[in-house]
Amino acid sequence: MDNWMELTFPSLSVNEGFARAATAAFAALLNPTIDELSDLRTAVSEAVTNAIIHAYGNDRSAMITLRCETRGPKLRIVVKDTGCGIEDIELARRPFYTSKPELERSGMGFAVMEAFMDSVEIESAPGEGTAVTMEKEIGRARGD
Amino acid sequence: MEINASKRGPRLHVKLSGELDHHSAEQTRNMLDTLLKDITVRDLTLDLSGVSFMDSAGLGVILGRYRILSMRGGHLTVTDLPHVGRLRHRGQSVRRRVWITGWS
């Protein structure tokens, strides 16, 4: 690991933008392209939103941890909560699936993360929480 | 989220400016639905050229408005879909699916 940062913040929707900004600022150390930054910002936004809506059910006192690490040209992002956990991870990953259709969700959260990152791993235990780990190599588009 | 709307006959043009994520989705949805209470609106154009960020929560807002317009036989056109529109599903980009089918 070359460098890392870790932030813990309450499960407030206003912190979705904060998490995006913090990730982009940290990722700037790897000199990403504009498109790569947009990929990272979008993926982080999805993971943090999932924690707020699904893990904590909008419990505003719960906490979310965002960790970013660089290893060479690779950026690893971990978004962790201690919420309700995911009972069926494969179902949750399925495009258009949403456990909260009444909220007019698109069901594309994990599909977005998978589309914009090189890898997405989900570790979850019902009643204990979820950790979403995403990796992306930065600079590939420039041919670094 | 800032909304600027203009109406001409059955056509409503709405320009959104700001970030469209879960945080701003409810406010945006409510503002759009207030405009769509006018049942003479048949064609809605959502101009997203001023949207600096959008994620799947924003896609949910768009799809919900598409359903409202479809139920009254209307149409939705989205212009300048942000970065998330690059997402591909079953070989087709979200940008194209939103435009043509409402992404059903």
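Any read-out appearing in this document is the output of simple, stated calculations on the displayed coordinates, not a laboratory observation. As the structure is a prediction and not an experimental result, all values here were calculated from the model. Note that each Cβ is placed from the backbone with ideal geometry, even for glycine, and that neighbours are counted across all protein chains shown.
Key figures for this structure:
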| quantity | calculated |
| --- | --- |
| The stretch A:3-139: relative contact order as a whole-number percent, Cα under 8 Å and 6+ apart | 28 percent |
| Considering only the stretch B:2-101, percent of DSSP beta bridges that pair antiparallel, nearest 5 | 40 percent |
| Taking A:Phe96, A:Phe26 and counting other C-beta atoms within 10 Å, the order from fewest to most | A:Phe96, A:Phe26 |
| Centre separation in Å (Cα based) which lies between the stretch A:119-144 and the stretch B:1-75 | 32 Å |
| At R0 = 35 Å, FRET efficiency that the Cβ-Cβ distance of A:Arg71 and B:Asp47 yields, to 0.05 | 0.25 |
| Footprinting exposure proxy for A:Val48, B:Val51 (fewest neighbouring C-beta atoms within 10 Å first) | B:Val51, A:Val48 |
| Rough spin-label spacing in nm, given labels placed 7 Å along Cα→Cβ, for A:Glu6 and B:Gln27 | 3.3 nm |
| The stretch B:2-101, relative contact order [Cα under 8 Å, separation at least 6], % | 27 percent |
| Spin-label model distance (nm) - B:Ser17 vs B:Asp38, 7 Å beyond Cα toward Cβ | 2.0 nm |
| Nearest-20 debye value, the stretch A:3-139 charge dipole, Cβ charges on Lys, Arg, Asp, Glu | 300 debye |
| Reciprocal of mean inverse Cα separation for the protein assembly as shown (Kirkwood radius, Å) | 18.6 Å |
| Selection from B:Tyr66, B:Met54, B:Asn30, by position along the positive dipole direction of the stretch B:2-101 (Cβ) | B:Tyr66 |
| Likely footprinting exposure, A:Met63, B:Met1, B:Met71, fewest C-beta neighbours within 10 Å first | B:Met71, A:Met63, B:Met1 |
| q = 0.09, 0.13, 0.15, 0.19 Å⁻¹, chain A: log10 I(q)/I(0) [Debye, one scatterer per Cα] | -0.25, -0.53, -0.70, -1.11 |
